[in-house]
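Peer 1: Got a structure for you, questions after.
The values are calculated or read from the model by the stated rules, or taken from the named source; none is laboratory data. Quantities reported herein were computed from a predicted structural model and do not represent experimental measurements. Don't worry about glycine lacking a Cβ; one is built from the backbone with ideal geometry, like all the others, and counts go over all protein chains shown.
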Amino acid sequence: MRLFIALPVVAAVALSACNSGGSVTAENESAESVAKKVAAADIKPQAGRWESVVKFEKLDIEGVPQQAKDAMAKQMATDHKFTSCLTPEQVSKPDGGFFAGGGEDCTYKTFTMAGGKVDAEMTCGKAPYQQAMTMNGAYSDTSYDIKVNSQSEVQPGKPMKIALAVASKRVGECDGKEDITAKDVKEMEAAAKAMEAKAK
C-alpha cells in the first residue's frame, strides 16, 4: 500500500499542469507516456518558490478504533502549509516518476488537461495493494487548485478513502529555505518505491 503517494502525485500533476496554452488527452496510458505528451505540448509552470496548502476533507479507514478516528479528525481539521522549490530542470524534463510520485506502475485511465482545467483518473500498483485516484481542478503557470480522491486498502478487506484539496501559488524565486527541495522530492519517490516493494 502507498501511504505517501497521494501528496507527491498531487504536487507532480498540479505543478506540471500549469500553462493553459496547450492541451493533452490520454486514455489507458502510463505516467511516463502522459509526461511525454505534456512535455510535447509545452505545458509548464514557472520555476521558483511555491507556497501550498493541503486540506484533508475526508480520511476514512475501516476497522480503526474510535480513539484513532478522533485523533485523525483533529489532525484533518488543521490546514497543512508548506513551501517547495520547483527547479528549471524539473520544469524542462518531467518524467514518469514526476507524474506518479515515484510509482513505476501507475496508469492513467483518463487524463485531460486543457483550457486551465485538469481532470484525471489513475490507478497505481496491483491488487490487493492497488490505489485508485481521481484528480480535478484548475491551473495556470503561477497557481493551481486541485482536489484528489483516493481509495486503497490498508490490508485486504479494509478500505481506506482519502479526499484532499491542494491550493498553491508561485511567490518568487527559490531561496534555499523551502520546506520541500528537489532532494526531498527524490527521497519521497524513493520511499514510495521502497514501500511498494515491501508490500509486494
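Peer 1: Output the number of the condition that ALA68 fails; it satisfies all remaining conditions of (1) in contact (Cβ under 8 Å) with a residue 40 or more places away in the chain; (2) aliphatic (A, V, I, L, M); (3) surrounded by fewer than 17 Cβ atoms within 10 Å (Cβ to Cβ).
Peer 2: Only one criterion is unmet by ALA68, namely (1).
Peer 1: Could you look through segment 102-130, keep only residues that are surrounded by 15 or more Cβ atoms within 10 Å (Cβ to Cβ), assigned to a loop (DSSP other than H, G, I, E, B) and among the small types (Gly, Ala, Ser), and pick out the one that is modelled with the highest pLDDT?
Peer 2: Across segment 102-130, the extreme among qualifying residues is GLY116.
Peer 1: Name the single residue, out of those in segment 136-151 being of a type outside the set (A, V, I, L, M) and within 22 Å of THR123 (Cβ to Cβ), that is surrounded by the most Cβ atoms within 10 Å (Cβ to Cβ).
Peer 2: The residue in question is SER150.
Peer 1: Here is a check on your reading of the model: is GLU153 over 16 Å from ILE43 (Cα atoms), in a helix (DSSP H, G or I) and either of a type in the set (Ser, Thr, Tyr) or modelled with pLDDT under 85 (or both)?
Peer 2: No; evaluated as a whole, the condition is false for this residue.
Peer 1: When you go through (1) crowded, with 17+ Cβ neighbours inside 10 Å; (2) over 13 Å from VAL166 (Cβ atoms); (3) of a type in the set (A, V, I, L, M, F, W, C) one by one for VAL54, which number turns out not to apply?
Peer 2: If we test VAL54 against (1) crowded, with 17+ Cβ neighbours inside 10 Å; (2) over 13 Å from VAL166 (Cβ atoms); (3) of a type in the set (A, V, I, L, M, F, W, C), just (2) comes out false.
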